[in-house]
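> Quick one: the structure is below, questions incoming.
The values are calculated or read from the model by the stated rules, or taken from the named source; none is laboratory data. Just so it is clear, the model here is predicted, and its values are computed rather than measured. So basically every Cβ, Gly included, is an ideal-geometry build from the backbone, and we count neighbours across all protein chains shown.
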Amino acid sequence: MEKAKKEKKPGLFAKLKQGLEKTRGSILGMIFGNSAEKINDEFYEELEDGLIMADCGYETTEEILEKLRTVIKSDKISERGAAKEALVGILEEHMGTNEPFLVENVDNVILIVGVNGVGKTTSIGKLAAMYKAEGWRPMLAAADTFRAAAAEQLTVWAERADVPIIKHGEGADPAAVVFDAIASYKSKKYDLLICDTAGRLHNKKNLMNELAKIRRVIDRELPSAHVEVLLVLDATTGQNAIAQAKAFGESCGLTGIILTKLDGTAKGGVVVAVKKELGLPIRFVGVGESIDDLQPFDARDFAEALL
């Protein structure tokens with residue numbers, strides 16, 4: 001079945017802009033408050049402070065400022081309004097990705113990893129609802145069998161999204177849950193399997209081994225599947241989220257990031273740092289609590305909302 005084309009819904013940018021209000025309101029917004037104001041040394045100092053305070057990271061900030069100085073000089077820009085437009089373009093290029101995500105006409109599996117408390121379960125429910133609305137047939141696998149009530153919480157989201165869920169009892173083998181989910185997925189001809197996994201700390205080797213076991217099951221039972229491994233990070237932790245992601249990336253074969261809780265932080269600039277620090281694309285951002293508040297990441301929209 002042909003999937004619905006991904007058209008931007010009215011209000012998505014407004015939600016993103018509202019979600020980044022705390023970041024923009026700190027200092028970044030004030031820098032460009034008067035678009036006719038001239039560019040001077042103070043402008044660059046304010047912008048450097050603003051980007052660092054927004055948690056872009058020192059190295060990323062210096063790289064962006066160097067590019068901006070070059071563009072301002074080559075294009076003979078003299079006012080802050082034009083500098084803002086130039087900066088949006090630089091940030092878009094810095095954060096953007098043209099890599100495809102899901103692939104039509106093949107099996108698609110998304111493994112969701114991350115520590116407890118980052119919004120992992122809610123992100124899965126929102127992903128399922130979003131892709132179902134686009135014409136996919138998602139199924140959920142509740143493979144976080146260690147945390148009490150994890151499967152029950154995911155079931156609530158499955159019901160909200162109106163998608164099926166496969167689960168076992170608490171303490172069951174997570175790989176067995178995924179095995180049964182794949183069997184059901186294949187027999188009922190679904191095309192997207194989203195798997196929750198235990199909220200693991202990066203130093204828990206047995207939990208990393210468990211994830212590897214899940215991957216072996218997927219590779220054996222769905223050998224031609226397109227598999228994405230997305231790490232859910234809490235934006236409110238800023239640069240600590242990047243340190244956490246580096247530790248996960250060494251063990252999990254990550255392919256992308258979901259960044260949640262952008263509406264609750266002044267550290268939204270961490271999005272800018274993620275691509276440089278991790279070499280991973282941000283696939284989705286969370287800007288609220290509603291089921292439709294998880295959005296596919298659009299680098300230009302984000303840059304405009306940030307500034």
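> Is it the case that Gly114 is surrounded by fewer than 20 Cβ atoms within 10 Å (Cβ to Cβ), under 30 Å from Asp196 (Cβ atoms) and at pLDDT below 90? Steps first, please.
On the way: surrounded by fewer than 20 Cβ atoms within 10 Å (Cβ to Cβ): no; under 30 Å from Asp196 (Cβ atoms): yes; at pLDDT below 90: yes.
It is false that Gly114 is surrounded by fewer than 20 Cβ atoms within 10 Å (Cβ to Cβ), under 30 Å from Asp196 (Cβ atoms) and at pLDDT below 90.
> Which numbered condition trips up Val285, out of (1) closer than 18 Å to Phe101 by Cβ; (2) more than 15 Å from the chain's Cα centre (by Cα); (3) not charged (D, E, K, R)?
Val285 satisfies every listed condition except (2).
> Go through the stretch 35-104 and tell me which helices (runs of 4 or more DSSP H), entirely inside it, have 2 or more residues that are in contact with an Asp or Glu (Cβ under 7 Å, 6 or more places away or on another chain). Outline the logic, then answer.
Working: elements: 41-53, 58-74, 80-95.
In the stretch 35-104, 58-74, 80-95 are the helices (runs of 4 or more DSSP H) which contain 2 or more residues that are in contact with an Asp or Glu (Cβ under 7 Å, 6 or more places away or on another chain).
> Further question: Can you pull out every residue in the stretch 145-198 that is buried (at least 22 other Cβ atoms within 10 Å of the Cβ) and out of contact with any helix residue (DSSP H, G or I) (no Cβ under 8 Å at 6 or more places or on another chain)?
Ala151, Val177, Ala181, Tyr185
> Testing Leu127 on (1) outside the structural domain of Glu289 (by TED's automatic domain parsing); (2) farther than 24 Å from Thr60 by Cβ, one condition comes back false. Which one is that?
Here Leu127 clears every test but (1).
Each row is one residue, and each column tells you yes or no for (1) of a type in the set (A, V, I, L, M); (2) more than 19 Å from Gly57 (Cα to Cα); (3) buried (at least 19 other Cβ atoms within 10 Å of the Cβ).
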position	(1), (2), (3)
Pro223	no, yes, no
Val227	yes, yes, no
Ala241	yes, no, yes
Ala247	yes, no, no
Gly253	no, yes, no
Lys275	no, no, no
Leu278	yes, no, yes
Ser290	no, yes, no
Phe302	no, no, yes
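> Can you find a residue that is among the β-branched types (Val, Ile, Thr), under 23 Å from Lys261 (Cα atoms) and surrounded by fewer than 16 Cβ atoms within 10 Å (Cβ to Cβ) anywhere in the stretch 89-97? It would help to see each step written out before you state the result.
Start the filter on the stretch 89-97 by keeping residues that are among the β-branched types (Val, Ile, Thr), which leaves 90, 97.
Now restrict to residues that are under 23 Å from Lys261 (Cα atoms): 97.
Checking the rest, the ones that are also surrounded by fewer than 16 Cβ atoms within 10 Å (Cβ to Cβ) come to 97.
Scanning the stretch 89-97 turns up at least one residue that is among the β-branched types (Val, Ile, Thr), under 23 Å from Lys261 (Cα atoms) and surrounded by fewer than 16 Cβ atoms within 10 Å (Cβ to Cβ).
> Tell me which helices (runs of 4 or more DSSP H) are completely within the stretch 108-190 and hold 2 or more residues being under 21 Å from the mean Cα position of the chain (by Cα) and small (Gly, Ala, Ser), or say none if there are none. So that I can check it myself, show each step before the final result.
Details: elements: 120-133, 150-161, 174-187.
Per the criteria, 120-133, 150-161.
> Considering only the stretch 273-307, how many residues are outside any loop (DSSP other than H, G, I, E, B) and either at pLDDT 85 or above or farther than 21 Å from Ala247 by Cβ (or both)?
To start, the set of residues in the stretch 273-307 that are outside any loop (DSSP other than H, G, I, E, B) comprises 273-278, 282-286, 294-296, 299-306.
Filter once more, so that each one left must be either at pLDDT 85 or above or farther than 21 Å from Ala247 by Cβ (or both): 282-286, 294-296, 299-306.
Counting residues in the stretch 273-307 that are outside any loop (DSSP other than H, G, I, E, B) and either at pLDDT 85 or above or farther than 21 Å from Ala247 by Cβ (or both) gives 16.
> Going through the stretch 188-210 one residue at a time, which ones are modelled with pLDDT of 80 or more and either of a type in the set (Lys, Arg) or in contact with a Ser or Thr (Cβ under 6 Å, 6 or more places away or on another chain) (or both)?
Lys188, Lys189, listed by residue number.
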